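See below for the structure under consideration.
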Amino acid sequence: MKRFACRRPDGFTLIELLAALLILSALALMSYRGLGAVLDAREHVTKETVKWRRVASFFARFERDIQLAAPRPVRSAAGLAPAWLGTPGSSAGPLLEFSRFASAEGIDSPRRLAYQLNDRQEVELWLWPGLDIPPGTLPKRYPVLAGVAVFELQYLDATLAWADAWPRSASDPPIPLAVRMHLALVSGEELVRVFGLRS
């Protein structure tokens, strides 16, 4: 009697297929998690880039405005207002109000402007139509930086001391030597910048 050798059929066994599927699913899961981490990091970097670009744009706008500060008082319905008026912690009016010359490019005109932190945690820019303020004229308000928890300004006097208000007395010059800005964002970062003024 002949004996036949038990020949194995071609193909994979069920255990081999399950092992291959397990390995492939583990690789797919690791790839998915890696891709998710890359996409999350990209989104975070994009948000941070947009935030810091807005902060830099605000600093550039503020510096440009104060570099054009004019030592000219303004006439208003309440009387004569100083060229530079810094009021600490003011809730009734702006934190800083001043007169500004037109830029050398000629794209704007001399005007009165102000900066204030509103109750929506935005720094607002207030613009009046000109230097002198006719009775009943209200400024146009534009948010220039959002997500701000603290907005404080100090002013450098002739003795190189920082003051919270300007002018403090009639002997102070119309415009301080420099402005120090303390900015705290709602995301937790704190920034301090010093801007020199043309004297």
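Every number in this text was worked out from the coordinates using simple rules, so none of it is lab data. Model, not experiment: these values are computed from the prediction. Cβ placement follows ideal geometry from the backbone for every residue including glycine, while neighbour counts extend to all protein chains displayed.
What the table below lists for this structure:
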item: DSSP-assigned coil residues among GluC sites (Glu not before Pro) in the stretch 76-184, each with at most 14 further Cβ atoms within 10 Å; result: E105
item: Fully extended contour minus Cα-Cα distance, from R180 to D164, at 0.36 nm per residue; result: 4.8 nm
item: Radius 10 Å from Cβ of A184, net charge of other residues (Lys, Arg +1; Asp, Glu -1); result: -3
item: Difference of contour (0.36 nm per residue) and Cα-Cα distance, Y32 to D10; result: 4.5 nm
item: Charge tally in the Cβ shell below 13 Å around R193, where Lys, Arg are +1 and Asp, Glu are -1, R193 excluded; result: -2
item: Angle in degrees between helix 14-67 and the longest Cα principal axis of the chain, rounded to the nearest 10; result: 10 degrees
item: Two-site FRET efficiency, R120 against E152, from Cβ-Cβ distance with R₀ of 22 Å, rounded to 0.05; result: 0.80
item: 222 nm mean residue ellipticity, helices alone, for the chain (DSSP H n ≥ 4; -39,500 (n - 2.57); rounded to 500); result: -10000 deg cm²/dmol
item: Surrounding net charge for P143, when Lys and Arg each add one and Asp and Glu each subtract one, Cβ distance under 15 Å; result: +3
